[in-house]
DNA sequence: GCCAACGTTGGC
DNA sequence: GCCAACGTTGGC
């Protein structure tokens, strides 16, 4: 299976790219997704080695801050079983888990974060899911073409 | 199975 | 802070 690319949204007040950078081994589990479409992506399609664009939503500036790599494929999100978690789901059980998560490891920090404004103005990104009005999916597929354009913008012209 | 009410997301 | 868009819930 060819490598795939994804965009993951996070509100930096909850978990920022900086937080990821400072995590042990710069790795974290991506918990709290409670949307069926997003769950299906996490459970069925996100694979080890896939690329992730890390997007900050709901803040100034809204932007893609950098990239990460999937290091652990979909497995049950343990916070759904924890009554103290605000992601607790009383209808889910370890025998029949409803929600899944993946682990991601920081890859590249963008020299210049790619803001929503820039994304909107960039040729070739017109079809991005993120730019569609009313899109609320916290994980979205990104095409290889889009991925390459965005990496170029974020890392500068010097491609490593 | 429909749909109104409600809660959440997220850009502005 | 506002509100449009969307998903979920629950009464019928």
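Laboratory data are not the source of any read-out in this text; all were calculated from the coordinates shown. What you are looking at is a predicted structure, and each value in this text was computed from that prediction instead of being measured. Note that we place each Cβ from the backbone using ideal geometry, even for glycine, and neighbour counts take in every protein chain shown.
Computed from the Kirkwood radius of its Cα pairs, the Stokes-Einstein diffusion coefficient for chain A at 20 °C and 1.002 mPa s stands at 133 µm²/s.
Listed peptides A:89-95, A:3-9 appear in the order A:3-9, A:89-95 once ranked by packing, highest mean of other Cβ atoms within 10 Å at the front. Sum -39500 (n - 2.57) across every DSSP H segment of at least 4 residues in chain A, then divide by the residue count to get the 222 nm mean residue ellipticity, nearest 500. It lands at -4500 deg cm²/dmol. Placing pseudo-labels 7 Å out from each Cα toward the beta carbon at residue A:21 and residue A:135 gives an inter-label distance of 2.5 nm. Here A:13, A:143, A:67 are placed in order of increasing Cβ neighbour count within 10 Å, fewest first, which gives A:13, A:143, A:67. Placing a pseudo-label 7 Å from each Cα along the Cα-to-Cβ vector at residue A:59 and residue A:71 gives an inter-label distance of 2.2 nm. Value of Rg to Rh for the range A:92-160, rounded to two decimals, is 1.09; Kirkwood radius and Rg both from alpha-carbon coordinates.
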